[in-house]
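Read the structure below first, then the notes.
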Amino acid sequence: QAEKEAGMVARWLDEVVIGENMCPFASLPRRQGRVEICVSDAADDDTLVTDFMTALGRILDTPAEQLETILLVVPNLYPDFFDYNDSLAMLETAIRLSGAEGEVQLASFHPGYCFDGEPEDDPANYTNRSPFPIYHLLRELSVEQALRGVDDPDAIPLRNIAYLRAMPPAKFATLFPERGNGK
């Protein structure tokens, strides 16, 4: 089952995140095999924290030339977006307590992702929607280096939102078949 879930996340990463250029920095490390997709069987907070700390240790102990980023996929926990969103504070605390604050940052993706104040069916939410709840561990130094060549980093998410809102319904349905046309 974990292999199937990892495959679904890999498809989303390749076809949506990279294929639609949602993250202009993801393509190179993916092509170089420096993106790891880890599927956790966590069904409770304790197991999640254990698996998260294992992933955190891996990214801290492995050179960036070998491992750039980790997607920790948690298909059996937090189907509700708001519960998932609340869990981020717990994992941010784990980063801080481990001494990795300033070295690793956390990004979030969820099948029900919804920006504050936006309608649930707004295509903009799909910039952060994924097949399963995902905790994305990123190296801060790598993020800083990637952003050095970008004039306006804040424009990236705004561009993605505008792009998805303007996307033809048929293409949207192809990218997000589990959601229909989302519009």
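The values are calculated or read from the model by the stated rules, or taken from the named source; none is laboratory data. Owing to the predicted nature of the structure, the values given are computational and were not obtained by experimental measurement. All Cβ positions, even for glycine, are placed from backbone atoms using ideal geometry, and neighbour counts span all protein chains on display. Heavy atoms of the whole protein, side chains included, go into the accessibility calculation; ligands, DNA and RNA do not. Shrake-Rupley method; radii C 1.70, N 1.55, O 1.52, S 1.80 Å.
Here are a few things to note about the model shown:
- Those GluC sites (Glu not before Pro) in segment 80-121 that DSSP places in a loop and that have at most 11 other beta carbons within 10 Å: E120
- Net charge in the neighbourhood of V150 (other residues with Cβ under 15 Å of its Cβ; Lys, Arg +1, Asp, Glu -1) is -2.
- Of all accessible heavy-atom area on the chain, the percent that carbon and sulfur account for (1.4 Å): 52
- Helix 155-166 axis, angle to the chain major axis (alpha carbon atoms, nearest 10°): 40
- Overall form of segment 29-183 per C-alpha gyration tensor (a/c, 1.5; a/b vs b/c): oblate
- Gyration tensor (alpha-carbon) shape descriptor, segment 126-183, a/c threshold 1.5: oblate
- Cα gyration tensor shape for segment 1-114, rounded if a/c is under 1.5, else prolate or oblate: oblate
- If only the Cβ of Lys and Arg carry +1 and only the Cβ of Asp and Glu carry -1, the dipole of the chain around its Cα centre is close to 820 debye.
- Between helix 2-12 and the chain there is an angle of about 50 degrees, using the helix long axis and the longest principal axis of the Cα atoms.
- Within segment 89-161: Cβ-based charge dipole about Cα centre, in debye rounded to nearest 20 (Lys, Arg +1; Asp, Glu -1): 320
- With the charge dipole of segment 1-41 set up from +1 on Lys and Arg Cβ and -1 on Asp and Glu Cβ about the Cα centre, the Cα lying farthest toward the positive end among the listed residues A6, L28, V16 is that of L28.
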